[in-house]
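Novice: Here it is, the structure, as structure tokens.
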Amino acid sequence: MMAMSLFKSVYATLIVGFLVAPLLVVLPLAFTSGAFLTYPIPSYSFRWFSELVENTVWSRAILNSLLIAGSTTVVATLLGTLAALGLRARNLVLSSQIRTLFLLPMVVPAVVLGVGMQALFVRFGINSTYLSVIVAHSVIAIPFVVISVSGALGGIDRRVERAAESLGARPHKVFFLVTLPLAMPGVASGAALAFATSLDEVVLTLFVAGPNQRTLARQMFSTLRENISPAIASAAFVIIVGTILVALLLLLMRRRSA
Amino acid sequence: MSGAFISFQDATKDYGSVRVVENLNLDIARGEFVSLLGPSGSGKTTLLMMLAGFESVSGGTITLDGKVINDLPTYKRDMGVVFQNYALFPHMTVARNVAFPLEMRGEAKAVTAAKVKKALDMVQLGQLADRLPGQLSGGQQQRVALARALVFEPRVVLMDEPLGALDKQLREQMQLDIRELHHRLGLTVIFVTHDQDEALTMSDRIAIFNHGKIQQCAAPREVYDHPANRFVAEFIGETNLLDCKVSENAGETFSVTLDDGSVVAAHGLPGLVAGDRALLSLRPERIEILPAETDATATGQNRLAGEILDTIYQGDHLRVVIETAVGQIIARTDRKAQEWPVRARVMLTFRAADGWVIAP
């Protein structure tokens, strides 16, 4: 018994270590004073964070990322939530097939999706615009929202909605006073997932974004190829901290609603 | 019947090719407490859901207060529904749950607050107004659900096995509470249950369902003493069913011949005539066990000779199994009554009014 539980603990620690190790390698480099993304670190400084703010290429990329991820979150959450609500309808024909269709962007290789979208957007004359990037990001973010909201809706007892209706609530009242508040944790985590998806999306962005829509992730990607600057590590640090903050916010909202 | 408050006329419900409620007719008067009782899948809950407007009506009509309500949306029906799992709004406090129907009706804030307080006091939960449903016990949640269903003075209160999730003691207490509220407020209540004791305790009338049809709808005493058919006789309480043949039907009293040739007198369903095969229903507690040597003519009642097979102690009564020429018979006796040794020869007697003859 003892040996077994010891084995479990060691095993779990190894797995967690494997998952976290890359972060532990990269993050300290964000604080290097040197000009290269290498160990050993000569001394610690915030120079690469200043670089992020002062160098317009980086600051522009950060703003682009926030703008695109923010818009994607709004669009994907709205459409994904509506889709999940529709899929919940009791007498929907082919409901499981339609659900699969909504989840398809998760499994289709991003490269394939990117080529197709680029061709399509060029045809519509909107390629290399904010719109094209936001649409592309929304397409791959929607499945996360659909899954998350469907899960939350699945947990709602229909009798609670029926009760509301029997107490005199018209359908829209039932939705806004009962269904939506109860599904809110799912909507919120769907939104967070959509934000995170957009934030670290590179492949699609390479296809559909122009020079003006350089996102942080894409900027990191090209910097990595060109001059491996420690600014990448600083940018990664910013992204990770941002993601953790969003996750914490979510956790806080969940706790409040529970 | 035009005077009925709620009336089902040939109400039918199909799910695909399955007919779960079949040409059902039922009239309910204002202020009446009617239980819909039956095994699961018998259509009783479906009927309630049709009345509440959650299920569409496949055929026939449902009228409420003289108006056909087949296509009236649920939110306009003005019916308070209490569900088995309470169906409280988990994200609203107890007070907001109870205020919900009043808010939907656009009541003034002050009126709402006063009515909510009164409703919560009625179910003795005034002090829990600010709690969330998740913080309450099952019984308390059910009281909140009750308060919420009554606070807007609905025209009808529908209850779908509301006490099914509670433990026995609490359930019995709630039965009495609901019964008392029904009398005090003059509510019209339709109550779905599969628990016959619950139906017998609370109802003015019981409608017994099987296979989407009402087998019998009558007062508890009538349903128990004079079941309309074999299903009702067996479903409500326990009974001995003996094969027999009607030899004479003299209005109220029948004379029937049992399989061993003995002739007994009993009451029974009108419509059975001499020569018909029939069943004699004998409730265990109506059978008296006497020593075999008892002078037969002294009692003037029906008699069956038998032999004791087993006696089972059940706390408040004894269950006695007796072998007779017409099969095994179960009798219930007072626990203070004489205990019979196994294999003792006995004489079973019952009055004509305690036997009930039904079609097989």
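The values are calculated or read from the model by the stated rules, or taken from the named source; none is laboratory data. Because the structure is a prediction, the values reported are computed rather than measured. With ideal geometry, Cβ positions are generated from the backbone for all residues, glycine too; neighbour counts draw on all protein chains shown. All accessible areas refer to the heavy atoms of the entire protein, side chains included, with ligands and DNA or RNA removed. Shrake-Rupley method; radii C 1.70, N 1.55, O 1.52, S 1.80 Å.
Novice: How about the range B:181-243: which strands (runs of 3 or more DSSP E) wholly inside it have at least 1 residues that are within 19 Å of B:PRO162 (Cβ to Cβ)?
Specialist: B:189-193, B:205-210
Novice: Is it fair to say B:MET174 is in the same structural domain as B:LEU64 (by TED's automatic domain parsing), at pLDDT below 90 and open to solvent by less than 10 Å² (accessible area, probe 1.4 Å)?
Specialist: yes
Novice: Right, something else. Against the definition (of a type outside the set (S, T, N, Q), open to solvent by 20 Å² or more (accessible area, probe 1.4 Å) and either within 11 Å of chain B (Cβ to nearest Cβ) or closer than 28 Å to A:LEU249 by Cβ (or both)), how does A:GLY168 come out, yes or no?
Specialist: Values: of a type outside the set (S, T, N, Q): yes; open to solvent by 20 Å² or more (accessible area, probe 1.4 Å): no; either within 11 Å of chain B (Cβ to nearest Cβ) or closer than 28 Å to A:LEU249 by Cβ (or both): yes.
Judged against the criteria, A:GLY168 is not a match.
Novice: I'd like to know if the range B:80-94 contains one or more residues that are within 14 Å of chain A (Cβ to nearest Cβ), open to solvent by 60 Å² or more (accessible area, probe 1.4 Å) and in contact with an Asp or Glu (Cβ under 7 Å, 6 or more places away or on another chain).
Specialist: For the range B:80-94, residues within 14 Å of chain A (Cβ to nearest Cβ), open to solvent by 60 Å² or more (accessible area, probe 1.4 Å) and in contact with an Asp or Glu (Cβ under 7 Å, 6 or more places away or on another chain): present.
Novice: Which ones in the range B:202-251 are in contact with an Asp or Glu (Cβ under 6 Å, 6 or more places away or on another chain) and more than 23 Å from B:ARG277 (Cα to Cα)? Give the steps one after another, and end with the answer.
Specialist: Looking only at the range B:202-251, we keep the residues that are in contact with an Asp or Glu (Cβ under 6 Å, 6 or more places away or on another chain), and these are B:204, B:212-213, B:243, B:246.
The answer is B:ASP204, B:GLY212, B:LYS213.
Novice: Kindly evaluate B:GLY53 against the criterion of being among the small types (Gly, Ala, Ser), buried (at least 21 other Cβ atoms within 10 Å of the Cβ) and within 14 Å of chain A (Cβ to nearest Cβ).
Specialist: yes
Novice: Would you mind telling me which numbered condition in (1) open to solvent by less than 30 Å² (accessible area, probe 1.4 Å); (2) part of a helix (DSSP H, G or I); (3) away from every other protein chain (no Cβ under 14 Å) B:ALA113 fails?
Specialist: (1)
Novice: Right, something else. Going by what's in this entry, would B:SER255 be described as within 20 Å of the chain's Cα centre (by Cα) and surrounded by 15 or more Cβ atoms within 10 Å (Cβ to Cβ)?
Specialist: In short, no.
Novice: Give me the pairs, please: first residue somewhere in the range B:136-160 and within 11 Å of chain A (Cβ to nearest Cβ), second residue anywhere and open to solvent by 10 Å² or more (accessible area, probe 1.4 Å) and acidic (Asp, Glu), beta-carbon distance under 7 Å, and either six or more positions apart or on two chains.
Specialist: Going by the 7 Å Cβ cut-off, the qualifying pairs are B:PRO154/B:ASP78.
Novice: Of the residues B:LEU120, B:LEU132, only one is hydrophobic (A, V, I, L, M, F, W, C), open to solvent by 10 Å² or more (accessible area, probe 1.4 Å) and in the same structural domain as B:ASP65 (by TED's automatic domain parsing); which? Lay out the reasoning, then the answer.
Specialist: Values: B:LEU120 fails: open to solvent by 10 Å² or more (accessible area, probe 1.4 Å).
Checking each option against the conditions leaves just B:LEU132.
Novice: Still on this structure, please answer the following. For the range B:13-45, what are the residues that are over 19 Å from the mean Cα position of the chain (by Cα), closer than 16 Å to B:ASN70 by Cβ and surrounded by fewer than 18 Cβ atoms within 10 Å (Cβ to Cβ)?
Specialist: Hits for the range B:13-45 are B:ASP14, B:ASN23.
Novice: Among the listed residues B:PRO360, B:PRO270, which satisfies the condition of being at pLDDT below 90, surrounded by fewer than 14 Cβ atoms within 10 Å (Cβ to Cβ), within 31 Å of the chain's Cα centre (by Cα) and under 14 Å from B:CYS244 (Cβ atoms)?
Specialist: B:PRO360
Novice: Give me the residue from the range A:149-165 that is open to solvent by 10 Å² or more (accessible area, probe 1.4 Å) and out of contact with any helix residue (DSSP H, G or I) (no Cβ under 7 Å at 6 or more places or on another chain) and, out of that set, farthest from the other protein chains (Cβ to nearest Cβ).
Specialist: By that ranking, first place goes to A:GLY154.
Novice: Which pairs turn up if I take residues in the range B:228-241 that are buried (at least 20 other Cβ atoms within 10 Å of the Cβ) and look for partners that are among the hydroxyl-bearing types (Ser, Thr, Tyr) with beta carbon separation below 8 Å, at least 6 apart in sequence or on another chain?
Specialist: Taking only residues 6 or more apart or on different chains, the pairs are B:ALA233/B:THR239; B:ALA233/B:SER281; B:ILE236/B:TYR224; B:THR239/B:SER281; B:ASN240/B:SER281.
Novice: Quick check on A:VAL145: is it under 28 Å from A:PHE176 (Cβ atoms), in contact with a helix residue (DSSP H, G or I) (Cβ under 8 Å, 6 or more places away or on another chain) and in a helix (DSSP H, G or I)?
Specialist: Yes, satisfied.
Novice: Could you tell me which residue of the range B:312-327 is farthest from B:THR257 (Cα to Cα), considering only residues that are open to solvent by 30 Å² or more (accessible area, probe 1.4 Å) and in contact with a strand residue (DSSP E or B) (Cβ under 6 Å, 6 or more places away or on another chain)?
Specialist: Step by step, filter the range B:312-327, then rank; the result is B:ILE312.
Novice: What are the residues in the range A:171-190 that are facing chain B (nearest Cβ under 9 Å) and open to solvent by less than 20 Å² (accessible area, probe 1.4 Å), if any?
Specialist: Selection gives A:VAL174, A:VAL178.
Novice: Select the helices (runs of 4 or more DSSP H) contained entirely in the range A:32-123, then report the ones holding at least 3 residues which are free of Cβ contacts under 8 Å to residues at least 60 places away in the same chain and surrounded by 14 or more Cβ atoms within 10 Å (Cβ to Cβ).
Specialist: Qualifying helices (runs of 4 or more DSSP H): A:56-87, A:95-107.
Novice: Of the residues that sit in the range B:64-90 and are part of a strand (DSSP E or B) and in contact (Cβ under 8 Å) with a residue 60 or more places away in the chain, which one is farthest from B:LEU146 (Cα to Cα)?
Specialist: B:LEU64
Novice: Every residue in the range B:95-110 that is of a type outside the set (A, V, I, L, M, F, W, C) and within 13 Å of chain A (Cβ to nearest Cβ), please.
Specialist: Of everything in the range B:95-110, those that are of a type outside the set (A, V, I, L, M, F, W, C) and within 13 Å of chain A (Cβ to nearest Cβ) turn out to be B:ARG96, B:ASN97, B:PRO101, B:GLU103, B:ARG105, B:GLY106, B:GLU107.
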